[in-house]
Structure formats: structure tokens, C-alpha cells
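Enquirer: One structure is given below, represented as C-alpha cells, and several questions about it will come after.
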Amino acid sequence: MSKLKGVSRGLTSLAIFVLIASLVAAPIMESYSAPLDTFFGSTSYRIVSEQSGEANWIYKSEFKTAAEAVEALRAFAIEEAGESFVLLKNAGTLPLAEGANVTLLGLRSYAPVYGNSMGAAPDTTVIQDGNQSYLALQKAGLNVNPAVTKKYKDWVVAKGGNLTPDGELYAEYAGAGSSGPSESGDLDLTGTATAPEAAIAELGLSADDYAGYTDAAIVVFGRPGGESKNYVTGGTDSTTTNIFGLSQEEKAVLAEAKANFETVIVLVNSVNPLELKEVEEDEQVDAVLWIGYPGSYGFYAVPDVLFGKVSPSGHLGDIYLANSAVSPAMVSFGGDGSVDWANVDEFTPDDSVNSYLINEESIYSGYRYFETRYADVVAGVNNAAEAKAGTYTAKDTTVATVDGTWEYADQVVYPFGFGLSYTTFEQTLDSVTVSEDKKTAEVTVTVKNTGSANGKSVIQVYAQTPYTDYDKQNLVEKAAVQLVDYEKTQTLAPGSTQTVKMTVDLRNIASYDTNGAKTYILDAGDYYLAIGDDSHVALNNILVAQGQAVEGDAAKTYKWTWDSLDTETFATSDNGTAITNRLSEGDQSMDINSFAGYEGTAKYMTRQDWNGTYPTVHEGIKAEGRIAELLRNDFIKLSTGSEVTFGTDHGHTIYEYTNLDWDDAAWDELVDQVTVEDFLGFAQSAFHNIEKIDSVGYPGNKADDGPGGSDGGTYGVDGQYQGKMYAEMDGYDESVAGYGTRIAPTPTNLAYTWNKELAIRNGELILGESTLMFNYPIMIGPGVNLHRHGYNGRGAEYYSEDPILSGYTGSAVVQGAQSKGCLVNVKHLGFNDQEINRSGIATFMTEQAARELELRNFQQMIEANGKPASLSADSALYTEGALGVMTSFNRIGAVAPSANKGVQQDILRDEWGFKGYSVTDFTGVAPKAAPKESLLYGTVAFCGFGVSDPYFTADQLSADPEISAALKKDIKYTLYSLAHSAAMNGQDTTSHREWVDTPWRAIYRNMKTAGIACTAVFGVLWIALEVLSAKKKKGAK
Amino acid sequence: MTKKVNVFGKILCIAAVLALVGVVVYIVNSSVGYLAGTGMNTLTVLLPLIVSACSLVLMFVPNIINDTITGIITFLLSVGMGYAVVTFVVARIDLIADLLNPVNHPANEYTAFTWTCVGLVLYVLAFLGTLIATMGTRLAKKKK
């Protein structure tokens, strides 16, 4: 009996432990419901409306069934992929004859990079459902050598790669963050330190294996990328020692192809620019086709392009260098991406301080540097031809080790905007009319297909502005050529023409003058607009027009002259706000030189002396004085005495405001109703969630991560049409239950289409329909940070190095998405140049660089700029800009990004007139987000978990006069953006949350039940045994 | 009559030591490095200390209290240690959630997480020790 007593006592204790754990776990798990839902693929609640009718569905999905959606998205993904591919080289080999029998070589021919990790990861369920690359190629008509592909399969399996039940390769690695298909560690298909490749000898390949499939060798080289990916320079066995050069193993594969095949085609399965000079110059390589990351279905488009059913019409949105590590922007990137503050150990974890990044290159990143220096070399000015050792690429693609001559051809392999076609086009600059107010230019271009194949042509319009003595005195920098607009033609048959009339926004040729006029200026002098097949061609056209001895066509340029310096035309924004220095002084400054004690720290590059001002690394800087105070994220002291009131009930609900204009006075009463507690509750619960606001009758919604489509939504669990679940409809196809919307090529591919209309459609389907089909009113995307250089591991999630190509692509996506009610979160505002140390790094640059590059890029989306020429004047699109942004992790200057008044308040909200939702990127309400400062400057929500900031209480914040006034504005931003989105879809005043049982709720619920039952059973047993034992002892006495 | 600690008593002794070491790890973990200044949960500290103290006291006074009282005390000790485990996990939820965020994390955050795991394992082992001790009829053998 005594043993039984002990056991029952122990089990009672264990049961109580389980009970306590379940009681504690329940609220914690509920607070983490969004990530748990994502992990378990569940839905923890639904919004139920008792009176919901047709009229409540403000936004309607195109797809009434899952099958319709799957087919439409599949077709679009293939179309987008085909249009994004860039033909980099073609010695007449392409297109291939239909029926060609080919051999795929290279590890990436079997295990390609379908998409980037995380934010725009491809849908692996779709891929593994028989859409693996090698299967897709065959299904699309390419006769692929099965023996060689099998040898790659065997090699991957031998390395630990796993196969699906169908015997094909699992594609989990395609969007994985860190590990490949191998658990053995022998093969990591997602790593960024090395480029895995199967050696020919290991594969056991010989000429016999190629028999019957010798029409062409298609060699695939790839590099993965995505969120949290880091690339660094050096350390590999390529010619340049860079990871983007071909490794010795990859060269061996190419040699094998050249030795055994008459025709060799290289597919570039990378978004970070590879170093392709040796491939370009290799006469035995017949063709090179950039395919980027084509997505879950994109390999179906490859045969279409190879066979000429689709003529390539993509163009590069980034410059391709002979040595990717040699550019001014790469100097501060350095070996590990940034430089630690010398006194970093003096800061606490809450400070989130690690390193700094000084963009000394000013505006000269990407093609702006290489083309401008080229122009000055041609002109023989500005110390352009001389180059110090270590600052230029030698003829053998290595970094030059001696002083020498800067030759464009040694630096650049493919210029920005480059792309070939199977046909030829003649573009004629018909006319240019610059408006009298200097704000726009009407540009008319006629395109004629002069070749023998159907095809689309991209019209690229570039500008050159004068570089004057005034600029030199005031350190205003000027690029010799910059993209100002673009359009893509329809498919043109041989001999046919299309005339396109474009309205170029001349704000984008204005230069920001930080030191003189302290606003945007237009210099006195000669201006040029030019068309060209790429940036280098356009520049050469301008140079010819200027009388320089280079090859070009002056007829493709237009010149006009403004006689005097203009400091007024662009000194105010569209809404009348004065534009002046916001990032050059004070706490919000991005110029490290502006802080006391740091004068002269950065020596920004200037065109006046290319060789003399080439950037250098600045190590050993200590964070002191005001910079140190700002880095500690607590730089505004709270006060008391506010008379602002909250929570006055006027009897309204948010549903009365769905069509109300921003300026309508009726908003005041709705805003008045919201209590501070309600708003802070909303603000602190923004991880994949839109928290309820009881005081206006809003029950909340879920949100999801973009930008490549829904992260968690699937047709089987979330798919619905106006509240009716797909899975409950007649004829529902179970086989697509696990499919989602992340099926399109990666965002960089979209930008490389140079097709605004296609980008609108991408926004409609990939973000917009994710909102409607899965009921996620907020989709966190698109991602739009500029490619400052090729080494940002996350570059694939973003569009381009150029603010106009990126800004207009993003703007089109935003317009498409918002047409479906999607509340976009354009991210990351701003300056996410790299993933290394991205949480905490302090990013410094000149205000001119900030405004003319990254901010100009964002401005296009916020202001709904870049309307395609094909859209009519009365189109409903491009009438309202993006209604949501997500801030970055990196600091802007020394300040947390969401707390930088210059960017978030002065420029975003005041200059650009942004009226929407601004959320931090996974900070939670932690000190590192500088929450009170962020609220003061327009942030309305904090993505992440938990509240650890001591100031984030209703009492403290509402007592401060400035912050309480800011909270009123923040509440209006929040309500306005929600009321103008699908957050209102299908809802009315009766809408409320209805809990849905989930696997994770079952865990804590069952634990609680078991705990109670076991406590009762074992507890009673123990007590009974104790009583019996006592009686027995008593009886014995 | 002399006493000799039996297997349950030995396990309780080990549990007491593990709890003591665990609480030291928790305190250090909360006081230096990444989690410095983040504060400590009172119960996470006090409960293991109480469990350790009571366990050691029980070893030296087996003949003062009877088996029923001993059983109740060890039961309470195991419940207390179990509750300490729960408070430990709750105290580190934010750290765990932060590490799930795929951004760069300072090295000392991973160090803090490692020591959190060490501390938690010690707490869990101590809890299991008290749990097993609870199942014993007594903690020491009676020897003539």
C-alpha cells in the first residue's frame, strides 16, 4: 500500500505540474497565435457577420473556386517568367529547332534555385507536385537527356538528398533559410559561402552518356539568395576569388560541355549578378540566358524561350561587372559588410547596437558610377582615367594591384538595361516637348520590328543633366546618365510598328542640393533626353550629340537648355510642402559629418576627382556624444499636462467610413472614439495580425507576409470566395489543398520584364488575390529596397539598382494589389542595403544620395507615379498611392528607422502626403524600436511580440502633449487605411470573431483536461490511501 | 536508532543540488551578458532555494516527522519545483521568440540562450528528482 501511496502522490504532483503548465501556456499561446497558425497551418479565428450580404463585399475575387485560381496563377507565373528572361548572348544559336534533344549539365540543372528564401520563397508544394525543373522542361517540350539527369539525381541522393514518394527531388531547399536537402551536411544547396557543384568525374559522365542528346548542352549555374542571406567578397576558388565568379568545378562542367557539344547554352540561375566576362568572351559558349529565380512554374517558360515561341524581352535591371567586388559601394561593404563601433561593448542588448555603414560613394552606386566615370574618361576630365591600385578591375578580372588606367570594357560586362532579342527593332525618337513649367516632358517614340520574329521592345528613356561650377562649389553630384522612364511595346510582328507617347516626370532629373539651395535644383545648362537599348548605349548617343568620338546615334537624343539656376520649381512637393534639408542636421541626420565631433569623418566621393576621392574604409569610430545617445533609442523625454482627450463615444463604427475622403471632417468623431488603450493594443499586436479596435466596432483580421504571395495561406485551409470556403464547395479538388500563391518568379525577375502592365497584374494576383482568397487584408510587400551593390543576399526580394525601374515596378504592383483591397506594406523604409548586421547597423550617407536613390524609389509608390502609357486618363488606377509601409531594421543615421523624423514624418508624411499604415519590422514594442519616438513620428504598429519598453503605457503616452497629439494622428492613419482596404470586406456592424479550434489550442486544452482529471484521480487515491494507512496504523496499535 | 538515506533520499539530495546550481545559472544568466538588466522572476529564484533548503533539512530530521508529513512535504517540494520550471520558461519566452526572428543576433544572445537551456535542464532534472522522491515512502531507512 505504501508504494501505491507514493506513486499516487508522485502522479498527483505530475498532474498538477501539467495543469499549471497548461494554464500558463494558454494565454502565452494565444498571444503567439499568428506564428502558431503559420507553423501548424491552422486558422485560429474567423470573422463572422450576421447580416453579411453581397453589398458588404467591397472587393471581389476573380476566382470562385480553387481550381480557377490555381490555373490562372499558373498561367500568369509562366507568362511572367518568360517575359523576364534576359538574353545576354546569342551567336545565332537560339532559338533552337523544336524537337531538339539536349543534355542538362551542372548541379543547378537538377537542383535549381526556384526562388529566394522566406519573403518571396517559392511554393514547394507546387514544385514537388511534378513541377521540378527537369520535369517542367520536358513537359514543356524539351527532350532532356534522362541518363545524365539521373546521374545528377544519384549524386544528390548519395550526398544525402531526399526524394519524394514519386522519386523526384524534394524542393524544400528552394525556399529554405539555411539547410539543403541533405541532413548529412555534405551538400548545402542554399549556402552562400560556396557554390556546390558535382564534379564530372564524380558523376561518372562520359561521351557515351550524351548519345542522342547532342543538339545542345544546357549548362546551369546558380547562386541562392533571400532574407537573412549574406554574401561576402573573396575566399573562393574563382578567378576573382568572389563567390559570383565561376568556381573551378563550374569551369570544369563548362569545359565538359564545350568538349562534347557543338552548341553550348548557359542558363544563369542567379539574381545576385554573376561575373560572366569569361563566358561572354568564350567563343565556344554560344548563348547565355539569364533566368533569375523563375518560381514554382517558371521552368515551363524556358523551352518557350529556347524554341522561340517567346522572344526574349527582359532587360537587366542591374549592372553586371567583370569583378563584382570592385565598385565604390563595395568599399564600405568590405569583408563582413560593415564596421563595428569601436566601443560597441558599452551598449546593452536593448540598445541593439553593432556597426555602422558609411555610403561614401554618394550617388555613384551601380551604373551611375561606371557610366559617369566612362563619360569623364571620354571627355578627359575629372581625373577619371587614372586609377589607384585596388580601385579598378584589371583585364584579367582580378583587382588591379598597381596604379593604372580605368577602362570601361575591363569593368563592365553587361550594362544596366542590357538585353537581346531574337528579332531587331528600330526605335525612333519622334519628338520631345518639355513643358513650360519644367515639370514634364512628352516623349514620343516609334518602334518598328525590323527583324524576322515576333517580339516586344523596351523603350528606355535616359537623361543627362549639366554638371556645373555651381555643383562643384556646392558638392552637388551628377550622373552622366540616369533612367527617367520606360515602356514596353505590345508583341510586334515583323515589319509592324507601335508609337508610344510617354510623359516623363522631370522631378526625377532634379538634383538635391544640400549645401547651397538646400532643396531640389535644376542647373543652368544643357539637358539631354536619350533613348537607347541600355544605359551605355543611351549615354553614347548623348556623347555623340556632344561631339565626342564614340559610337552612337545623336538622332536618338533631344537637347534643351535652361539658362539659369532654378531653385524653385521643385522646391515644394505636390501638396505644397516646402522641400528642404531633413537628413543633414540634427538627430535625424544621415550625414555622420553633421554630428558634433564627427566633422570630416566621411569623405564623400565627388565627380570632381574620381581617383582622388574613391571611398575608403573608416574603422575604429567610437559612438560618442549625441550619436551614442541616439543609439540608445531613448532620446525624447516624456512630459505631462496633455489636454487631448480620447474615447468619446459618438456612436459610430468604422463601417460608416469606407468611402470617406481623408479631408472629411467626419473622421474626427470616429478618431475621438478610440481609447488610448485600444490603440496601443492594436499597435502592439501586429505580427501577421490586425488587432481589433473595439471602440470603433472593428473585430480585427489576420495579415500575412508577402512580397512573393501569401506565406501561410493555402487553398485548402484558407481559400474562400466571399466567405464560403473553397474546401466546402462542390467539386473541390483536394489535390491543390496545399497550394498557395507564392508561385511567381522572384521580384527581381518582375522588374527585369520592364513591363508596367505585367507588374500591375502581378500585384493583382500575387498580393491582391492573396488578400481576397485567404482573407489577409494586409500583405507585407512589395519589397523594394535598391540593389546598392550585388552582395545583398536579399537582393532577389527587391527589384533593381535603379530608383525609377524599382519605383515604377513597385508602384505598378501596389496599384494592382490595392485594386483588390490589399493594404500593402511597402518595405523596408529605408536603406536595407545588406542583411549583415541589419538589426542595429547605423547607415550614413549624404542627403542627396538618400533622396535621389532610395527615397526617390519609395516616393514613386507612395505618390502613385509611373502610370503606364497604355492606361487611359480616366483609369481608376494610379489615383491613390500606397497606403502602407514597413520600416527597416537598420538605423537611418543613428536613429531607429521608425523614429527618424526626417524620413518618417518630414518626407514620407509631409512631403509625399502619406496617409496610411506604418509598421515596424519585427521589433515588437521593444526599446530597439524607440517606441515613443516612433509613435510621435507616425508609426502606428509594431510587428513582433511582446511589450518590453517601459514607456509604452496609456498613462504615460497620453499625458505627454506632443505624443498624445501624435496618437490622434496615428489613430486616423490607422482607421483611414483600414477603412480603405479589404479589412472591411464582408464585414458590418455585427462582425465579430469566432474562435476556430486548432491543433495548438488542442494541446493546451487537452493538457488542462488531463491535468484536472489526473489531479483529481491521483489526489483522491493518495488521500484515500493515507486515510486507510492511518486507520491501519491506529488499528495495529 | 540511526538513519541511512535511502535511494529516494539520495535522489532528493541530488535534486536539491541541481536546483541550487540551476538557480545560480538562472541568476547569472539574468545578470550578465545579453540578459543583463532584464530583471529576475522572484519565484524562479525563491522556489528552488526553498526546495533545496527543505530537502536538505529533511535529510537531517527524518526521525522528527512521520512518513505522512514527509510525503506531504516532498509533494509540496515537487509542486514548487514544477512551478519554478514553468516560471523559468515564461521568463525566457521573449528571448526564444526573438531568436525565432531570422535577423542577425549578437553572439551574446546565443550565449544567453545556451545558458538558459542549461539552467532549464537543471530545473527540469531537479523537478524530476523531487517527483521521484515524492514517490518514496520515506527518505531514510530505519536501522536498528
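Enquirer: Along the charge dipole of chain A, pointing to its positive end and built from +1/-1 on Cβ of Lys, Arg, Asp and Glu, which listed residue (A:Leu246, A:Trp1000, A:Gln284) has its Cα farthest out?
Expert: A:Trp1000
Enquirer: Same structure again: If N is the number of residues in the range B:2-138, what value comes out of its Cα radius of gyration divided by 2.2 N^0.38 Å?
Expert: My calculation over the Cα atoms of the range B:2-138 gives 1.18.
Enquirer: Mean separation of Cα pairs under 8 Å and 6+ residues apart, divided by the residue count of the range B:2-138: what relative contact order is that in percent?
Expert: 45 percent
Enquirer: Another question, if that's okay. Which of the lysines could a cross-linker span from A:Lys915 if the Cα-Cα distance has to be under 19 Å and same-chain partners fewer than 8 positions apart are dropped?
Expert: A:Lys820, A:Lys827, A:Lys901, A:Lys968, A:Lys969, A:Lys972
Enquirer: Still on this structure, I have one more. Simple spin-label model, 7 Å along Cα-to-Cβ: A:Ser642 to A:Arg1005 in nm?
Expert: It is 4.0 nm.
Enquirer: What is the average number of partner chain Cβ atoms found within 10 Å of a Cβ in B:92-101?
Expert: The shielding value for this peptide is 5.
Enquirer: Which of the trypsin sites (Lys or Arg not before Pro) across the range A:618-677 are loop residues per DSSP, with 16 or fewer other Cβ within 10 Å?
Expert: Sparse-neighbourhood loop trypsin sites (Lys or Arg not before Pro): A:Lys622, A:Lys637.
Enquirer: If you don't mind, another one. What would the Debye formula give as log10 I(q)/I(0) at q = 0.17, 0.20 Å⁻¹ for the alpha-carbon point model of the range A:667-768, no solvent?
Expert: -0.94, -1.02
Enquirer: Between A:Asn575 and A:Gln138, what is 0.36 nm times their sequence separation minus the Cα-Cα distance? Round to one decimal in nm.
Expert: 151.8 nm
Enquirer: Can you pull the one-decimal nm distance between simple spin-label points at A:Ala199 and B:Thr114, each 7 Å off the Cα toward Cβ?
Expert: A separation of 3.4 nm, rounded to one decimal place.
Enquirer: Here is a further query. Extending each Cα 7 Å along its Cβ direction at A:Asn593 and A:Ala1016, get the distance between those two points in nm, one decimal.
Expert: Placing both labels 7 Å beyond Cα along the Cβ direction yields 7.7 nm.
Enquirer: Additional query: Which ³J(HN,Hα) values, rounded to whole Hz and listed in residue order, are derived for the range A:990-995 from phi using the Karplus coefficients 6.51, -1.76 and 1.60 in 6.51 cos²θ - 1.76 cosθ + 1.60 with θ = phi - 60°, glycine and proline given as x?
Expert: These are the phi-based 3J(HN,Hα) values: 8, 5, 8, 7, 10, 5 Hz.
Enquirer: Where in the range A:743-771 does the amide nitrogen come within less than 15 Å of the point 7 Å from the Cα of A:Met729, taken along Cα to Cβ?
Expert: Counting only backbone N, you get A:769-770.
Enquirer: Using only Cα atoms, tell me the angle between helix A:999-1036 and the longest principal axis of chain A; keep it within 0 to 90° and round to the nearest 10.
Expert: 30 degrees
Enquirer: Another question, then. Just need the Rg to Rh number for the range A:607-713, please, alpha carbons only, Kirkwood Rh.
Expert: 1.21
Enquirer: Would you mind checking the radius of gyration and Dmax of the range A:370-508 based on alpha-carbon positions, in Å?
Expert: 19.2, 53
Enquirer: Could you work out how much longer the chain between A:Glu262 and A:Asp345 gets when fully extended? Use 0.36 nm per residue separation minus the Cα distance between them, nm to one decimal.
Expert: 23.8 nm
Enquirer: So how much slack lies between A:Thr428 and A:Ala1024, counting 0.36 nm per residue of separation and subtracting their Cα-Cα distance, in nm?
Expert: Roughly 204.6 nm would be gained on extension.
Enquirer: Oh, and also: Debye calculation, C-alpha points only, no solvent: report log10 I(q)/I(0) for the protein assembly as shown at q = 0.06, 0.07, 0.10 Å⁻¹, in the same order as the q values.
Expert: The calculated log intensity ratios at q = 0.06, 0.07, 0.10 Å⁻¹ are -0.53, -0.71, -1.34.
Enquirer: Here's something else I'd like to know. Taking the 0 to 90 degree range and rounding to the nearest ten, how far is the long axis of helix B:67-91 tilted relative to the main principal axis of chain B, both from C-alpha atoms?
Expert: Tilt of helix B:67-91: around 0 degrees.
Enquirer: If one takes the longest principal axis of the Cα atoms in chain A, at what angle in degrees, from 0 to 90 and to the nearest 10, does the Cα axis of helix A:803-818 lie?
Expert: 40 degrees
Enquirer: FRET efficiency for A:Asp661 and B:Leu56, Cβ-Cβ distance as r, R0 = 60 Å, nearest 0.05?
Expert: E(calc), rounded to 0.05, equals 0.20.
Enquirer: Cα atoms only, the range A:259-352: Rg and Dmax in Å?
Expert: Both quantities, over Cα of the range A:259-352: 20.3, 63 Å.
Enquirer: Which log10 I(q)/I(0) values does the range A:751-888 give at q = 0.09, 0.18, 0.22 Å⁻¹ under the Debye formula, counting every alpha carbon as one identical point scatterer?
Expert: So the normalised log intensities are -0.25, -0.95, -1.32.
Enquirer: A:Lys3 to B:Val32: FRET efficiency via 1/(1 + (r/R0)^6), r the Cβ-Cβ distance, R0 51 Å, to the nearest 0.05?
Expert: About 0.65, to the nearest 0.05.
Enquirer: Right, another one. So, with +1 on the Cβ of K and R and -1 on the Cβ of D and E, and no other charges, what is the size of the charge dipole of the range A:687-832 about its Cα centre, to the nearest 20 debye?
Expert: 440 debye
Enquirer: Relative to a virtual label point 7 Å from the Cα of A:Asp437 in the Cα→beta-carbon direction, which members of the range A:885-920 show backbone nitrogen distances below 19 Å?
Expert: Only A:911-913 pass the distance filter.
Enquirer: Determine, for each peptide in A:412-423, A:639-650, the mean count of other beta carbons within 10 angstrom over its residues, then list the peptides with the highest first.
Expert: Peptide ranking by packing, descending: A:412-423, A:639-650.
Enquirer: Please compute, for peptide A:11-19, the average count of beta-carbon atoms on other protein chains lying within 10 Å of each residue's beta-carbon.
Expert: The mean count of partner-chain Cβ atoms within 10 Å per residue comes to 5.
Enquirer: Straight-line reach from A:Lys478: which lysines fall under 23 Å, measuring Cα to Cα and dropping same-chain residues less than 8 apart?
Expert: Partners within reach: A:Lys388, A:Lys438, A:Lys439, A:Lys518, A:Lys556, A:Lys559, A:Lys603.
Enquirer: Further, regarding this structure: Give the residues of the range A:451-490 whose amide nitrogen is closer than 14 Å to a point set 7 Å from the Cα of A:Asn515 in the direction of its Cβ.
Expert: A:468-478
Enquirer: How high is the FRET efficiency between A:Ala389 and A:Glu281 when r is their beta carbon distance and R₀ equals 25 Å, given to the nearest 0.05?
Expert: Here the calculated transfer efficiency is 0.55.
Enquirer: Roughly how big is chain A's charge dipole about its Cα centre, with Cβ charges of +1 (Lys, Arg) and -1 (Asp, Glu), in debye to the nearest 20?
Expert: The calculation lands at about 3520 debye.
Enquirer: Tell me which of A:Val413, A:Leu429, A:Ser452 sits at the most positive position along the dipole axis of the range A:404-460, charges placed on C-beta atoms (Lys, Arg +1; Asp, Glu -1).
Expert: Working it through, the farthest residue towards the positive pole turns out to be A:Ser452.
Enquirer: Okay, next question. Shielding of A:1019-1027 by partners, i.e. mean partner chain Cβ atoms within 10 Å per residue?
Expert: The per-residue average across the peptide is 1.
Enquirer: Let me know the Kirkwood hydrodynamic radius for the range A:85-313, please, with Cα pairs as the basis and the value in Å to one decimal.
Expert: Computed over Cα pairs of the range A:85-313, the Kirkwood hydrodynamic radius comes out at 17.4 Å.
No value in this document is a laboratory result; all are computed from the given coordinates. Nothing here was measured: the structure is a model prediction, and the numbers come from that model. With ideal geometry, Cβ positions are generated from the backbone for all residues, glycine too; neighbour counts draw on all protein chains shown.
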